[in-house]
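Structure record follows, encoded as structure tokens.
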Amino acid sequence: MRFGLVGTGYWARVTHAPALARTEGTELTAVWGRDPRAAAELAGEYGATPYQDVSAFLAAIDAVSFAVPPDVQAPIATQAAREGKHLLLEKPVALTEAAADGMVEAVEQAGVASVVFFTQRFQPDVRAWLAEVHDRGGWTGGVSAWLGSALQESNPFNTPWRRDKGGLWDIGPHVVSLLWASLGPVTSVTADFGPADVTHLVLHHQDGATSTTTVTLSATTAAACAEAYVWGESGRLAAPLGSVDPVAALSAALSELVANARAGQTRHPCDVWFGRDVGRVLAEAQRQLDARRAGFA
Ligand SMILES: NC(=O)c1ccc[n+]([C@@H]2O[C@H](COP(=O)([O-])OP(=O)(O)OC[C@H]3O[C@@H](n4cnc5c(N)ncnc54)[C@H](OP(=O)(O)O)[C@@H]3O)[C@@H](O)[C@H]2O)c1
């Protein structure tokens, strides 16, 4: 399947391009970036063609892999879906509910396959943990803390949209996706803020379990961590979040996207509908944070 890569930044270079190059059934044939030199350089490394024009880029491929900020991803992904391209999306899928709804509608109408790269959901050890969580059952709740250091000056993820949106939108999608998959669909969220971009969430899950999480991008590297566990009648089960191989995880996501596209299967546990639903939780949390900051709640 001919893939085009949207984005030429750090994540595109260290994760998306290598994963596209190594995955059976995918071929990186086109690169789109707003910086023509960066697009030519990255495309050149993989024998792909660089593009400046989005329509010409889309016309030359079967599927798109995204590594750009969410507000840049959403409109291009919507156009791509309308043109029948399968989508490997990054989290969060969009920054507004309207943009996410538009993408879902385009995917639905075109009948294309979609997968959102909630990294941990594609790690074999986390999948084994989730299988055990489901086998055991009887969970009362979940607890998690994901303290990132992306906003430290020398961090390659210290990018404008992260400085603007903070941990809720960058790390929040991973945490909500994981708590949703382990404890069931999230039916409500309560959010409060701490210093800098520190955000606390309380989630209610469909079958009665509740979970809490703290996220930030402002931790020092000494304080950084990613921890989550569920607890209930059979004890406590911690998620193995210590080691991540993002290229292997993305390669798994790409393989599943290609298999679904070939089978005419549009649904996946991490498809664009799920990405939209996770985004709704974040958007509601953001509304509450904005109201609290303004002194209304
Ligand atoms: N799943 C994961 O674990 C994981 C990990 C890291 C990142 N991500 C996701 O990957 C995506 C990319 O992240 P990133 O760290 O590479 O940084 P980023 O700042 O989100 O994206 C960098 C890329 O986007 C381009 N870009 C920025 N603003 C643009 C605009 N207005 N129009 C067109 N292009 C624009 C940049 O172009 P210039 O170089 O010209 O500025 C660069 O190519 C994000 O959605 C992020 O959430 C996911």
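Every number here is computed from the coordinates shown, using simple stated rules; none is lab data. Source: prediction; values computed, not measured. Here the Cβ is made from the backbone with ideal geometry for all residues, glycine too, and neighbour counts use every protein chain on show.
Highest-first packing order for the peptide set 61-72, 215-226, 171-182 is 171-182, 61-72, 215-226, based on the mean count of other beta carbon atoms within 10 Å. Set against the 2.2 N^0.38 Å expectation for a compact globular protein, segment 145-224 has a Cα radius of gyration ratio of 1.13. Taking every C-alpha pair closer than 8 Å and separated by at least 6 residues, the mean separation divided by the residue count of segment 115-183 gives a relative contact order of 42 percent.
Placing +1 at every Lys and Arg Cβ and -1 at every Asp and Glu Cβ, with all other atoms neutral, what dipole size does segment 55-186 have around its Cα centre, in debye to the nearest 20?
Charge dipole, segment 55-186, about its Cα centre: 180 debye, nearest 20.
Over segment 140-297, Cα pairs under 8 Å with separation of 6+ residues give a relative contact order of 30 percent. One quarter of the convex hull surface built on the alpha carbon atoms of the chain amounts to 15.3 nm², the projected area averaged over directions. Rg and Dmax over the alpha-carbon atoms of segment 45-196 stand at 17.7, 53 Å.
The helix-only estimate of mean residue ellipticity at 222 nm for the chain, built from DSSP H runs of length n ≥ 4 each weighted as -39500 (n - 2.57), is -13000 deg cm²/dmol after division by the residue total. Based on Cα atoms of segment 115-157, Rg over Rh with Rh as the Kirkwood radius reads 1.12. Note that segment 166-297 shows a convex hull volume over its alpha carbon atoms of 138 Å³ per residue.
For segment 165-297, a crude dipole built from +1 on the beta carbon of Lys and Arg and -1 on the beta carbon of Asp and Glu, taken about the Cα centre, is about 260 debye to the nearest 20.
Computed packing ranks the peptides 125-132, 13-20 as 13-20, 125-132, most packed first, by mean other Cβ atoms within 10 Å.
Each peptide in 96-109, 266-279 was scored by the mean count of other Cβ atoms within 10 Å over its residues; highest first, the order is 266-279, 96-109.
The spread of Cα positions in segment 17-103, taken along each principal axis and listed from longest to shortest, comes to 37, 29, 22 Å.
Given 59, 106, 291, which one lies farthest toward the positive end of the charge dipole of the chain, if we put +1 on the Cβ of every Lys and Arg and -1 on the Cβ of every Asp and Glu? Farthest towards the positive pole: 291.
For the chain, a crude dipole built from +1 on the beta carbon of Lys and Arg and -1 on the beta carbon of Asp and Glu, taken about the Cα centre, is about 140 debye to the nearest 20.
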